[in-house]
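K.L.:
My questions all concern the structure below.
The values are calculated or read from the model by the stated rules, or taken from the named source; none is laboratory data. These numbers were taken from a predicted model, which means no experiment stands behind them. Neighbour counts run over all protein chains shown; Cβ positions are idealised from the backbone, glycine included. Heads up: the accessible areas ignore ligands, DNA and RNA and are worked out on the full protein's heavy atoms, side chains in. Shrake-Rupley method; radii C 1.70, N 1.55, O 1.52, S 1.80 Å.
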Amino acid sequence: MIYMDNAATSWPKPPEVLRAMTEVLERAGGNPGRSGHRLSIEAARVIYDVREEVAQFFHAADPLRVVFTANVTHALNTALLGFLDSGDHVVVSSMEHNAVMRPLRYLEQQGVFLSIVPCAPDGSISLQDVAEAMTVKTRLVVIVHASNVIGTILPVAEIAAIAHSAGALILVDAAQTAGAIPIDVQAMGIDLLAFTGHKALQGPPGIGGLVIGAGVDVARLHPLMRGGTGSQSELEVQPEYMPDKYESGTPNIVGIAGLGAGIRWLKHRGVDAIRDHEKMLTNALIDGLSVIPGVKLYGIGDSGRSMPVVSIAVSGKRVSEVGQRLDDEFDILCRVGLHCAPSAHKTIGTFPEGTVRFAPGALTTLDEVQQTIKAVERITRS
Amino acid sequence: MSQYGVILFFTTSSAIQSEKMLLKESFAVKLIPVPRELSSDCGIALRFDWDDMERVTLVLVEAKVETDSVHRLP
Ligand SMILES: Cc1ncc(COP(=O)(O)O)c(C=O)c1O
């Protein structure tokens, strides 16, 4: 079997991740910070250590401003619903995932104003368009770090500078980039970084997080949920302290341990080395697919400016047929359709049909990419 | 009076963070359940040798760790 769907979730996971997840339940199975006995304290230590790992990995100054969530969708909702009020203005790109667009469309009904900056069909954005979309009421710019449909990387640091000079903050959806390219929240000026653990960070599903920068006044960022935190139990109001304010309920310690192991695995292998490998695979995919008659390639066509996400259409064939034949006849798993990003597909001109998306990962081999290219070629001919 | 003091925190994360810092500096510290006479909290507190009180609190102040209160155990 050839797994070409790492943009949906990475697979297989490093064995170290699986081991860390079983080991934490055996060794540190208490409820972190709730009970005060040895197993409870050990669980809290595991969580704190991963908080520190995450902070270091993204160059965040304060580990207590790393908030664990269920996934990037939860992190994005925390930031969007917690920060925006009626009357606020938000600038967003046209390449966003529904994890951003659906909360924003909901907020729009509550009186938040949206400006959607159209991207080019190759997914790139004009900085001038972003600057022109800013108003005196703009409180937040929301931007996907890289498209999950065509992989195009957006210039986050430059957009952050535009946001800051207009007095706004920036929220980045790093679902596709966290773990795959270096992210330095301080150098890049990212106020709110939302990430998911189950993609390039190599962790399991069910864990993600929001990294909150020093420029964010947490008094103005309301939590999505309120409840038990193990702290200040005498009070019936939600504590304001970090990270408890945003972490009510027993945390996913198994997921957190897996995320920590994923990050350690990445550091051991080297994010740059993995990036080089994935660029090589992306180049091979682009080169191989682009010469097949009847195959149309989307995206920027440059592995240095995109993630390992390659979308195609095959003339005369439905994307669903291509996907099913790849699975049934060639044992190749990919994802077809709209990839939860209708706005992105409208931008690249593939709405409502969608595309066939190939996403190699850290553990994909060049041979697997070549077999994929051959399979697509066979499908176009019959 | 006992030889120990305890530090209470607003969040478990700060307690763990402090333990890690202080162990690195070779202080004899231990995380314990918050003594009921000090707080109704259900979380954890950091026990330390009262002789180290000033040096321990200095480490935490310098690292900007938020603490709730410091007590000598009876
Ligand atoms: C750009 C982008 N944003 C958000 C998501 C949602 O991720 P999750 O389902 O882990 O919350 C994904 C992946 O599905 C994505 O690629």
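K.L.:
Considering only residues that are open to solvent by 10 Å² or more (accessible area, probe 1.4 Å) and without any contact (Cβ under 8 Å) to a residue 60 or more places away in the chain, look in segment A:45-72 and name the one that is nearest to the other protein chains (Cβ to nearest Cβ).
P.N.:
My answer is A:Arg45.
K.L.:
Which residues, counting only those in segment A:145-202, are of a type in the set (D, E, K, R) and either within 15 Å of the ligand (Cβ to nearest atom) or within 14 Å of chain B (Cβ to nearest Cβ) (or both)? Step through it out loud before you land on a result.
P.N.:
Of the residues in segment A:145-202, the ones of a type in the set (D, E, K, R) are A:158, A:173, A:184, A:191, A:199.
Within segment A:145-202, A:Asp173, A:Lys199 qualify.
K.L.:
Now, a different point. Does any residue in segment A:242-253 that is within 11 Å of another protein chain (Cβ to nearest Cβ) and open to solvent by less than 20 Å² (accessible area, probe 1.4 Å) come within less than 6 Å, Cβ to Cβ, of a residue that is of a type in the set (A, V, I, L, M, F, W, C) and in a helix (DSSP H, G or I) six or more places away or on a different chain, and which pairs are these?
P.N.:
Here the result reads A:Pro243/A:Leu64, each pair linking segment A:242-253 to a residue that is of a type in the set (A, V, I, L, M, F, W, C) and in a helix (DSSP H, G or I).
K.L.:
Within segment A:313-346, work out how many residues are in a helix (DSSP H, G or I), over 20 Å from A:Gly361 (Cβ atoms), touching a residue at least 60 places away in the same chain (Cβ under 8 Å) and open to solvent by less than 70 Å² (accessible area, probe 1.4 Å). Show your work before the answer.
P.N.:
First, the residues of segment A:313-346 that are in a helix (DSSP H, G or I): A:319-330, A:342-346.
Filter once more, so that each one left must be over 20 Å from A:Gly361 (Cβ atoms): A:319-322, A:324-325, A:328-329, A:342-346.
If we keep only those that are touching a residue at least 60 places away in the same chain (Cβ under 8 Å) as well, we get A:342-346.
Of the ones still in play, those that are also open to solvent by less than 70 Å² (accessible area, probe 1.4 Å) are A:342-345.
Going through segment A:313-346 one residue at a time, the tally reaches 4.
K.L.:
A:Asn31 is checked against (1) open to solvent by 40 Å² or more (accessible area, probe 1.4 Å); (2) part of a helix (DSSP H, G or I); (3) within 11 Å of chain B (Cβ to nearest Cβ); (4) not charged (D, E, K, R) and fails just one. What number does that condition carry?
P.N.:
All conditions pass for A:Asn31, except number (2).
K.L.:
Condition first: surrounded by 15 or more Cβ atoms within 10 Å (Cβ to Cβ) and within 11 Å of chain A (Cβ to nearest Cβ). Now tell me which residues in segment B:42-65 satisfy that.
P.N.:
Passing the criteria: B:Cys42, B:Gly43, B:Ile44, B:Ala45, B:Leu46, B:Val65.
K.L.:
Looking at (1) away from every other protein chain (no Cβ under 14 Å); (2) open to solvent by 40 Å² or more (accessible area, probe 1.4 Å); (3) part of a helix (DSSP H, G or I), can you tell me which one A:Ala99 breaks?
P.N.:
(2)
K.L.:
Follow-up. Among the candidates B:Leu22, B:Leu38, single out the residue that is under 22 Å from A:Glu42 (Cα atoms) and hydrophobic (A, V, I, L, M, F, W, C).
P.N.:
Numbers: B:Leu38 fails: under 22 Å from A:Glu42 (Cα atoms).
Residue meeting the stated conditions: B:Leu22.
K.L.:
Sticking with this one: Determine whether segment B:11-23 contains at least one residue that is open to solvent by 60 Å² or more (accessible area, probe 1.4 Å), over 11 Å from the mean Cα position of the chain (by Cα) and within 8 Å of another protein chain (Cβ to nearest Cβ).
P.N.:
Kept after step one, since they are open to solvent by 60 Å² or more (accessible area, probe 1.4 Å), are these residues of segment B:11-23: B:20, B:23.
Those left that are additionally over 11 Å from the mean Cα position of the chain (by Cα): B:20, B:23.
After this cut, where a residue has to be within 8 Å of another protein chain (Cβ to nearest Cβ) as well, the list is B:20.
Yes: segment B:11-23 contains one or more residues that are open to solvent by 60 Å² or more (accessible area, probe 1.4 Å), over 11 Å from the mean Cα position of the chain (by Cα) and within 8 Å of another protein chain (Cβ to nearest Cβ).
K.L.:
Cβ-Cβ below 9 Å, separation at least six or inter-chain, first residue in segment B:44-56 and under 18 Å from B:Glu66 (Cβ atoms), second open to solvent by less than 70 Å² (accessible area, probe 1.4 Å) and among the polar types (S, T, N, Q): which pairs?
P.N.:
B:Ile44/A:Ser35; B:Ile44/A:Ser40; B:Ile44/B:Thr12; B:Ala45/B:Ser39; B:Leu46/B:Ser18; B:Leu46/B:Thr67; B:Val56/B:Ser18
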